[in-house]
Amino acid sequence: MKIWKEGDLSTALCPTCERIKDVAFRRRVVELDPGVSIPDVLVAVCCECDEIAMIPAQSSPRLRAGFKRAMVTVNARVPRHLEDVLLLLADEGSRSQPSTSAVVRFLLSEFAFNPALAVRVKEALGDDLLDAPGDHELSVRVPAELVVHVEEAAAKAGIESRTAVIKGLLAVAKEDVLDGRDEVLGNTMRRVLAAVT
């Protein structure tokens, strides 16, 4: 494997110019989806248009590490009574200082890695509890890597938006945790929240 240094010169296919161009290796901020910026990445920059033409293999570990640490904001408009459900879940999960953000991150993680829960969330979207206008803006910082897994699980379950995922998760959590339908989810949530709040 060739190891490039900052300042090295080469040629590469520039996606902006759509031709093979001279490139210079420089450190840049690389923008990844969903809205993640990774600073100080060695890239090949087109000498003509000054855009990133290529990312060498040696930069892959830095990109992966940056992506794993990156946080993105997930927004959802939910009915105000679902905020009450979220506050009750936070209060149920942590006896010290309730954290609604931690509850949402926990629920999203469960959704991302539990296909059975994803199916239940899809079914819950028809619940009367969700039949109200979205008059409350819910905003939570979530690891970017988790968002990718949530979106994959949502696509597999046939759920069209992050807002629908969050609303469905709150309906399922209300039933399972607050109404006592599933002690496993409630106990797991309490243990996790006790460790992080």
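Computed from the coordinates by the stated procedures, all read-outs in this text should not be read as laboratory data. Owing to the predicted nature of the structure, the values given are computational and were not obtained by experimental measurement. Quick reminder, even Gly has a Cβ in these numbers, built from the backbone with ideal geometry, and neighbours come from all protein chains shown.
Straight-distance candidates among the aspartates and glutamates for linking to K122, with alpha-carbon spacing under 13 Å and chain neighbours fewer than 8 residues away dropped: E160.
What GluC sites (Glu not before Pro) in segment 116-166 are in a loop by DSSP, with at most 16 other Cβ atoms within 10 Å of the Cβ? The partial results should precede the final answer.
Details: sites: E123, E137, E145, E151, E152, E160; in loops: E160.
Those satisfying the criteria are E160.
Could you work out how much longer the chain between A132 and M1 gets when fully extended? Use 0.36 nm per residue separation minus the Cα distance between them, nm to one decimal. Walk me through the numbers on the way to the answer.
Working: separation 131, 0.36 × 131 = 47.16 nm, distance 5.73 nm.
Between A132 and M1, full extension yields 41.4 nm more.
Taking the Cα centre as origin and putting +1 on Lys and Arg beta-carbons and -1 on Asp and Glu beta-carbons, what dipole magnitude results for segment 1-50, to the nearest 20 debye? Walk me through the numbers before you get to the answer.
Working: 7 positive and 9 negative charges, 40 e Å.
I would put it at about 200 debye.
Report, please, the projected area of segment 111-197 averaged over directions, based on the convex hull of its C-alpha atoms, in nm².
Details: hull surface 24.7 nm².
Approximately 6.2 nm², given one-decimal rounding.
Write out the trypsin sites (Lys or Arg not before Pro) in segment 113-197 meeting two conditions: DSSP loop, and at most 13 other Cβ atoms within 10 Å of their Cβ. Here the sparse-neighbourhood loop sites are R181.
Report D for segment 24-161 in µm² per second (integer): Stokes-Einstein, Kirkwood Rh on Cα pairs, 10 °C, 1.306 mPa s.
Details: Rh = 17.5 Å.
Answer, rounded: 91 µm²/s.
Contact order for segment 1-103, expressed relative to its length and based on alpha carbon pairs under 8 Å spaced 6+ residues apart, stands at 18 percent. Residues with beta-carbon under 15 Å from that of E6, excluding E6: net charge, scoring Lys, Arg +1 and Asp, Glu -1? Cβ neighbours under 15 Å give a net charge of +4. Look at the dipole of the chain built from charges on Cβ: of T16, V165, M1, the Cα furthest out on the positive end belongs to M1. Counting every pair of alpha carbons in segment 126-173, the share spaced more than 13 Å apart comes to 63 percent. What the phi angles of segment 5-17 give under the Karplus curve with 6.51, -1.76 and 1.60, with θ = phi - 60°, is a coupling list of 10, 4, x, 4, 10, 7, 10, 7, 6, 8, x, 6, 6 Hz, glycine and proline written as x. The trypsin sites (Lys or Arg not before Pro) of segment 3-92 meeting both criteria, a DSSP state outside H, G, I, E and B (loop) and at most 11 other C-beta atoms within 10 angstrom of the site's C-beta, are K5. In the elastic network of the chain, a GNM with C-alpha springs shorter than 10 Å, the most mobile of F111, F25, F67 is F25. Around the Cα centre of the chain, unit charges on the Cβ atoms of Lys, Arg, Asp and Glu (plus for the first two, minus for the last two) sum to a dipole of about 860 debye.
How much length is gained if the chain between T163 and R77 is pulled fully straight, taking 0.36 nm per residue apart and subtracting their Cα-Cα distance, in nm to one decimal?
Details: separation 86, 0.36 × 86 = 30.96 nm, distance 0.65 nm.
This chain segment gains 30.3 nm when fully extended.
Relative contact order for the chain: 21 percent, from Cα pairs under 8 Å spaced at least 6 residues apart, divided by residue count. Each of A112, L178, A76 was scored by the projection of its Cα onto the charge dipole of segment 76-197, and the greatest displacement toward the positive side belongs to A112; charges sit on the C-beta of Lys, Arg, Asp and Glu.
At 0.36 nm per residue, and after removing the present C-alpha to C-alpha distance, how many nm does the segment from E31 to S99 gain when stretched out fully?
Details: separation 68, 0.36 × 68 = 24.48 nm, distance 2.99 nm.
Contour length minus the Cα-Cα distance gives 21.5 nm.
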